[in-house]
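Take a look at the structure set out below.
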Amino acid sequence: MADKSKNPLGMVRDPYAGDGFILPDTRCTDQRKDFFHRTKEILKFLTISDLALKECKNKYEQLLSKNQLKTDTPLKLGFSDGRSTIMPVRSFLNGCNEGVELLYRQVFVMIYGTWETYLFEILEISFPQIGISENILEQSLKILMRKNWDGKFCKMQNTLDIDYKASDLINHFKGFEMNFGGTIFKNPFHFLDELAEIRHRIIHASSMLDNGKPIFINAQMFPAYLSFFALLTEYVDKLFSKKFKYTQIKINPAEA
């Protein structure tokens with residue numbers, strides 16, 4: 001554990017289960033603390049929704065196996081607010097299967113969104129430091145709407161005079177494997193560009209790839225996905241705190 005290249009996040013043993021590892025205490029601005037709070041809420045939603053969909057599917061499959069329902073039996077599903085819908089059992093079960101895959105894709109988008117929200121918030125407090133107090137959203141969009149992430153950070157460097165260097169960023173991720181679909185990335189921003197493309201296709205291309213196949217997100221990737229953004233926000237938080245003297249306090253990410 002002493003060699004950061006073998007444990008770049010400084011992971012510590014889970015004090016509850018004991019057979020896994022969790023993020024350690026880490027220094028954060030208020031903006032990075034909010035990032036961890038939002039991701040914790042998203043992962044909680046993922047856990048509860050994933051379990052609910054699978055338990056619901058299992059319950060109705062058991063009823064089918066006991067011949068208490070048939071696949072074409074209509075189900076009336078009602079809600080406490082008066083809404084209701086009717087569908088056959090087979091459609092309901094298909095919805096549970098499709099719902100899990102849809103859930104994973106949307107959680108992928110939501111976690112990516114927490115990263116961009118963090119950046120908007122750190123830019124929001126930083127522009128006034130250089131004398132820009134109006135149209136901050138537009139100023140931020142001029143940076144974040146650029147094509148690739150290295151370009152965005154080069155623009156930040158030129159605008160806000162932060163000490164961004166691609167070599168420093170790569171070194172910060174030393175020992176952290178960035179693998180998506182079997183492709184290994186060495187530069188974190190190249191990896192982030194790939195994640196951004198997947199996010200774009202989920203939102204704007206009906207979750208389809210160029211070969212016409214739907215994007216499949218494996219839920220087992222989420223711990224590594226979050227870990228990537230934990231490292232990335234650590235790097236960015238240090239950049240902005242060093243430049244603008246922002247206060248960082250040590251927090252437990254699980255309790256953010």
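The values are calculated or read from the model by the stated rules, or taken from the named source; none is laboratory data. All of these numbers come straight from a predicted model, not from anything done at the bench. With ideal geometry, Cβ positions are generated from the backbone for all residues, glycine too; neighbour counts draw on all protein chains shown. Each accessible area value is taken on the protein alone, full model and side chains, heavy atoms only, with ligands, DNA and RNA left out. Shrake-Rupley method; radii C 1.70, N 1.55, O 1.52, S 1.80 Å.
Values as computed for the structure displayed
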| read-out | value |
| --- | --- |
| Residue among K174, K165, K186 that is of a type in the set (K, R), farther than 30 Å from Q129 by Cα and free of Cβ contacts under 8 Å to residues at least 24 places away in the same chain | K186 |
| Selection within the range 101-139 - among the aliphatic types (A, V, I, L, M), open to solvent by less than 70 Å² (accessible area, probe 1.4 Å) and either on the phi > 0 side of the Ramachandran plot or in contact (Cβ under 8 Å) with a residue 60 or more places away in the chain (or both) | V107, V109, I111, L119, I122, I125 |
| Test result for R90, within 28 Å of the chain's Cα centre (by Cα), part of a helix (DSSP H, G or I) and basic (K, R) | no |
| Residue in the range 140-162 that is farthest from Y112 (Cα to Cα), counting only those that are open to solvent by 70 Å² or more (accessible area, probe 1.4 Å) and not in a helix (DSSP H, G or I) | D161 |
| The listed residue being closer than 25 Å to T29 by Cα, hydrophobic (A, V, I, L, M, F, W, C) and buried (at least 16 other Cβ atoms within 10 Å of the Cβ), out of F244, F185 | F244 |
| Test set (1) open to solvent by 60 Å² or more (accessible area, probe 1.4 Å); (2) in contact (Cβ under 8 Å) with a residue 24 or more places away in the chain; (3) within 23 Å of T29 (Cβ to Cβ) - A230 fails condition number | (1) |
| Failed item in (1) in contact with a Lys or Arg (Cβ under 8 Å, 6 or more places away or on another chain); (2) within 17 Å of W149 (Cα to Cα), with L231 passing the rest | (1) |
| Residue check, L63 aliphatic (A, V, I, L, M) and open to solvent by less than 40 Å² (accessible area, probe 1.4 Å) | no |
| Pairs where the first residue, in the range 58-77, is touching a residue at least 40 places away in the same chain (Cβ under 8 Å) and the second is open to solvent by 90 Å² or more (accessible area, probe 1.4 Å), C-beta under 7 Å, 6+ apart | none |
| Residue check for K54: open to solvent by 70 Å² or more (accessible area, probe 1.4 Å), in a helix (DSSP H, G or I) and under 27 Å from L160 (Cβ atoms) | no |
| E41 vs. criteria open to solvent by less than 60 Å² (accessible area, probe 1.4 Å) and among the acidic types (D, E) | no |
| Qualifying positions in the range 169-223 - of a type in the set (V, I, T), part of a helix (DSSP H, G or I) and more than 29 Å from G99 (Cβ to Cβ) | I170 |
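Condition check ((1) closer than 30 Å to F240 by Cα; (2) touching a Gly at 6+ places or on another chain (Cβ under 7 Å); (3) modelled with pLDDT of 95 or more) across all residues:
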residue: T47; (1), (2), (3): no, no, yes
residue: T73; (1), (2), (3): no, no, no
residue: G99; (1), (2), (3): no, no, no
residue: T117; (1), (2), (3): yes, no, yes
